[in-house]
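A.B. asks: So that we are looking at the same thing, I have put the structure below in structure tokens.
We did not get these values from a lab; they are worked out from the coordinates using the rules stated. Because the structure is a prediction, the values reported are computed rather than measured. Here the Cβ is made from the backbone with ideal geometry for all residues, glycine too, and neighbour counts use every protein chain on show.
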Amino acid sequence: MFIPTTQSLLKNRILVALVVLGVVGWMAVYPIYNNYYKGLAIEQFERFLDWKAGKSMFFNPWQYRVLCPFLVEVLYQIFDHTVFALFPIHAPEYNLPGNATDKNAITQKMLVLSSNPEFIKYSVVFVTFRLLEHLVIFWLAFKYFSLFVKNQALVILGLMMVPIFMANGVMDSDLAFNSYMDVILYLWAGLVIVKKLNSWWIVPISILGALNRETSLLIPVIFFFSKVDWSNFKAIPTFIKDNLSLLTVCVVSTVVFLAIFVSIRVYYGYQPQTQWRVPAGPQMLKLNLLSSVAVKSYNEMFGVFGFLPIWCLLFFKGMSRNLKVFFIALVPVWFAVHLISVVAYQGRLFLVPTFLIFLPAALEYIDNFRERSAAPIEAK
């Protein structure tokens, strides 16, 4: 009989830890790889410099999404006075894959930009920031999925799908820091709601959301609808009295959000929404749903959430209450706003409902189905 020694156990733990680190690291890197070679991440440097100069290409809304650019600049200053001071960055004397006759536009642009040390330094910071965003998303997603799924192996399987969905949403996208920060904030809010943590957490989440992206306005909305007991709804005065604390949190969150939203636009100067391809509204809706571009949009969205929305509709009755409320309060508005305002083939725009609702709902159904299937066997 073999009795494992302390030394062998330690070796096994180290090996397991190294494997886990390797897997998580690869998961975190893969979407960034896709962003560079299938998206427009190479343009992040120029777009960031434009933001600093107050002349973003799509001024409204890019110039107003200040949270991530500010954090990136802070991280850059930290690196510039520490890492880059110890290890000065110089333009490389070697060529990246490709040569002067290479027709690949991305390779050629990278070759040109790599002669600028600032581009290399900022690229290191950009990739580091996105990696940190991914790691936070993985951690929050693991915690969040675990609230609906008992089987940890199933949770891990769902977690392994997260970077694949993210990597599929890179069409016409730079590193899109604000989109992934949006995912972080919604998963954080989801944890606060489902775990019934202190309701006032919604206020700082909403503040960060207002600095990050307009879509975070729905965070107080899903919080409100999740907390109200609609079965006991009576007269409005009674409703207000019974839900005064909840309403206070929602009102404060919304007012602060709107104050920040307006202040940013006053600071930079308001400009109408930048038109891309066609004006927002009916023309954009037609472009997204009933045009040659729609074929591209449908396939790019499929890469981000597959048939999971249909899955949720088919098995809606069996979903947890919170997932049902999130679906009703968020999904119709989210899809409507994006389909009428932007070109929908930017799949990253649909990561929030995918990770907050679609994916955990599918995992929950599979876990419940597994338990129901196992019950008769255990009874025998």
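A.B. asks: Might you report the magnitude of the Cβ-based charge dipole of the chain about its Cα centre, with Lys and Arg at +1 and Asp and Glu at -1, to the nearest 20 debye?
C.D. replies: Its charge dipole is roughly 900 debye.
A.B. asks: For a protection proxy built on the mean count of beta-carbon atoms within 10 angstrom, sort 241-252, 121-132 highest first, please.
C.D. replies: Ranking the peptides 241-252, 121-132 by packing returns 121-132, 241-252.
A.B. asks: Among all helices in the chain defined by DSSP H, which have a length of 20 Å or more along the axis from Cα atoms plus a Kyte-Doolittle mean of at least 0.0?
C.D. replies: Span-like helices in the chain: 6-37, 67-81, 117-145, 152-167, 177-194, 244-268, 292-305, 321-341.
A.B. asks: Over the Cα atoms of the stretch 65-206, how large are the radius of gyration and the largest Cα-Cα distance (Dmax), in Å?
C.D. replies: Both quantities, over Cα of the stretch 65-206: 19.3, 60 Å.
A.B. asks: Could you state the principal axis extents of the C-alpha atoms in the stretch 8-373, from the largest down, to the nearest angstrom?
C.D. replies: So the three principal-axis extents are 72, 64, 46 Å.
A.B. asks: Now for a separate question. How large is the Kirkwood hydrodynamic radius of the stretch 243-380, in angstrom, based on all distinct alpha carbon pairs?
C.D. replies: Working: mean 1/r = 0.0553 Å⁻¹.
About 18.1 Å for the stretch 243-380.
A.B. asks: Could you pull out every residue, at least 5 positions away or on a different chain, whose amide H is within less than 5 Å of the one on residue 344? Hs are placed 1.01 Å off N in the peptide plane, and Pro or chain starts have none.
C.D. replies: none
A.B. asks: Hey, another quick one. What is the Cα convex hull volume of the stretch 145-186 when expressed per residue in Å³? All intermediate terms of the calculation are to be shown ahead of the outcome.
C.D. replies: Values: hull volume 2.9 nm³, N = 42.
Here the figure is 69 Å³ per residue.
A.B. asks: Give, as a single signed number, the net charge of other residues whose beta carbon lies under 13 Å from the beta carbon of residue 147, with Lys and Arg counted +1 and Asp and Glu -1.
C.D. replies: Taking every Cβ under 13 Å from that of residue 147, the sum is +3.
A.B. asks: For the charge dipole of the chain, defined by +1 on Lys and Arg C-beta atoms and -1 on Asp and Glu C-beta atoms about the Cα centroid, which residue among 87, 186, 122 has the Cα displaced farthest towards the positive pole?
C.D. replies: Sorting the options by dipole projection puts first 186.
A.B. asks: Taking every pair of distinct Cα atoms and averaging 1/r, then inverting, what Kirkwood hydrodynamic radius in Å comes out for the stretch 156-240?
C.D. replies: Averaging 1/r across every pair of different Cα atoms and inverting gives 15.0 Å.
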